[in-house]
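In what follows, a structure is listed as structure tokens, so that the remarks can point back to it.
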Amino acid sequence: MLTPAQAARRALPSVDRLLKSEAVGDLIARYGRPLVVETVRALLDEQRAAIAASGESQASFDEAAFITACGAQLAAQTRPSLRRVFNLTGTVLHTNLGRALMPKSVAEAVAAAMTHPVNLEFDLGGGARGERDSHVERWLRRLTGAEAAIVVNNNAAAVYLTLNTLASRKEVLVSRGELIEIGGAFRMPDIMARAGCKLVEVGTTNRTHLADYASAISPRTAAIMKVHASNYSIEGFTAAVGEPDLAGLAHEHRLPFIVDLGSGMLIDLEDYGLPHEPTPHETLAHGADLVTFSGDKLLGGPQAGLVVGKKDLVARLKKNPLKRALRVDKMTLAALEAVLRLYSNPERLEAELPTLRWLTRPLADIEAQAARVLPHVAAALAGRAEASLVSCSSQIGSGSLPVDLLPSVGIAIGGGAKRRHSLAEGFAAAFRALPVPVIGRINEGAFIMDLRCLDDEAGFIAQLGELKIEKSIATENTEFTERIVNRQDAKSAKKNEAGETG
Ligand SMILES: *Cc1c(COP(=O)(O)O)cnc(C)c1O
């Protein structure tokens with residue numbers, strides 16, 4: 001009689017023998033030798049341990065099954081970590097899901113910059129050294145009316161570089177109502193401290209007056225700053241000082257007036273039936289000397305931070321050694337230039353720019369799509385849970401217009417009379433486990449997929465066959481028979497599962 005350990009050794013082939021098999025050879029060609037050797041070893045070890053633990057003295061080895069398992073493990077291991085998902089959260093600019101989406105034309109510009117040498121810092125006219133930011137500066141000047149512009153890694157970097165350049169070791173006045181935190185650890189007071197300036201808080205949380213600023217100005221003051229409240233709103237008994245007044249006060253004291261717009265849209269969103277969002281153009285016209293905003297929020301471009309304004313101030317920003325640490329690469333510049341170029345034709349913008357297209361998508365269009373998709377979702381659930389259409393509210397996201405919700409339509413799973421968060425989480429997990437993960441949100445015990453941003457309807461439907469609802473979820477869910485139809489969930493959309501709002 002063999003001991004189980006001996007049986008295991010005898011039943012299992014050697015690593016070398018397996019590596020010589022044709023099927024493993026195919027895996028080596030595909031995944032490379034080191035990964036395949038590692039995987040074969042690990043799986044053989046596992047089998048050996050399993051045989052030994054089973055206590056059986058007769059063990060067999062199924063080579064074909066073993067190699068299939070190796071292949072599956074290798075495929076899982078080499079799958080990209082950064083994966084495409086369906087954003088059905090209802091938050092159009094979802095920071096955790098990569099914010100703005102760009103059209104093919106922009107992707108092509110990026111691909112060209114990646115695969116060919118480009119005149120990144122090369123002046124093709126003179127054959128001499130050129131400026132990296134020049135490729136987008138002329139567009140930004142045109143679109144905002146600014147004298148000059150620079151680009152850095154994101155808006156946080158734009159604020160940081162601006163403060164560090166203009167106000168290091170000096171004081172900056174900001175209203176207490178604007179000392180915001182935006183998701184992902186961007187807190188205005190912390191950025192100020194890191195930029196080396198002293199924050200002087202002015203006024204109160206809900207009310208700040210021009211006199212508050214005026215009395216806070218001292219010989220150490222380097223700038224007056226206004227910060228767009230982005231992801232929150234103060235309502236009720238409030239007062240804030242308008243940009244023209246603040247600019248006037250700053251200039252009276254020969255101080256720069258800086259505005260962090262956060263999102264900053266280059267066109268008037270009201271033309272597209274959306275709520276107004278301040279534009280850098282307006283803010284500069286109100287007298288701001290420098291305006292900072294993000295490239296991947298409402299602008300709909302790549303992650304970037306833009307600073308536009310007075311030529312002499314932008315020149316100082318350009319000279320700060322930190323600019324080198326915060327600069328953007330050629331892929332970002334290629335994308336940004338291509339997106340800014342789209343803005344030169346406002347009539348085509350809605351058709352060309354996905355962010356704007358999703359934000360302005362007609363409700364009837366979403367409704368019709370939801371009605372088309374619902375039966376497929378219901379079929380995939382195979383009676384284990386109820387799916388129904390619900391009215392819901394999308395939000396713009398990324399701290400833009402936080403109180404303005406866009407009416408939308410979603411598909412709700414679960415919910416009903418006895419809504420339970422844990423069940424909804426089970427459905428959410430099942431949809432996340434699909435080949436192209438589907439990210440929805442949980443609202444009052446139901447898992448909701450807001451269809452506003454469903455671009456690839458066919459792809460979404462095609463993969464539903466792979467949906468696996470765990471038995472435990474399905475049995476628990478049989479309690480739910482009540483359908484929820486046309487339930488307004490505007491209120492809870494604010495408590496979006498989406499996570500970060502900034
Ligand atoms: C979003 C935002 C930022 C940070 O911008 P990123 O591009 O995410 O770095 C800074 N300030 C305000 C007011 C914002 O809304």
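Overview of values
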item: Selection status of I366, away from the ligand (no atom under 16 Å from the Cβ) and either open to solvent by less than 10 Å² (accessible area, probe 1.4 Å) or on the phi > 0 side of the Ramachandran plot (or both); result: yes
item: Yes/no for V259 being open to solvent by less than 30 Å² (accessible area, probe 1.4 Å) and more than 32 Å from the chain's Cα centre (by Cα); result: no
item: Failed item, numbered, when L381 is tested on (1) outside the structural domain of R142 (by TED's automatic domain parsing); (2) over 21 Å from the mean Cα position of the chain (by Cα); (3) surrounded by fewer than 17 Cβ atoms within 10 Å (Cβ to Cβ); result: (3)
item: Checklist (1) among the basic types (K, R); (2) closer than 30 Å to L363 by Cα; (3) surrounded by 15 or more Cβ atoms within 10 Å (Cβ to Cβ) applied to R327, failing item; result: (2)
item: Selection count, the stretch 225-245, where residues are surrounded by 17 or more Cβ atoms within 10 Å (Cβ to Cβ) and more than 16 Å from the ligand (Cβ to nearest atom); result: 1
item: Answer from L266, L249 - the residue that is within 16 Å of the ligand (Cβ to nearest atom) and at pLDDT 90 or above; result: L266
item: Members of the stretch 290-313 that are in contact (Cβ under 8 Å) with a residue 24 or more places away in the chain, open to solvent by 10 Å² or more (accessible area, probe 1.4 Å) and away from the ligand (no atom under 12 Å from the Cβ); result: K310, K311, L313
item: Residues that are over 15 Å from L326 (Cα atoms), polar (S, T, N, Q) and open to solvent by 20 Å² or more (accessible area, probe 1.4 Å), drawn from the stretch 147-176; result: S168
item: Considering residues of the stretch 174-222 that are among the polar types (S, T, N, Q) and more than 22 Å from H253 (Cα to Cα) only, the residue nearest to the ligand (Cβ to nearest atom); result: T205
item: Matching entry among A113, A158 (being closer than 18 Å to A304 by Cα and either at pLDDT below 95 or touching a Ser or Thr at 6+ places or on another chain (Cβ under 7 Å) (or both)); result: A158
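The values are calculated or read from the model by the stated rules, or taken from the named source; none is laboratory data. What you see is a predicted model, and the numbers here were worked out from it, not measured in a lab. Heads up, the Cβs are rebuilt from the backbone with ideal geometry, glycines too, and the neighbour counts pull from every protein chain shown. Accessible surface areas use protein heavy atoms only, side chains included; no ligands, DNA or RNA. Shrake-Rupley method; radii C 1.70, N 1.55, O 1.52, S 1.80 Å.
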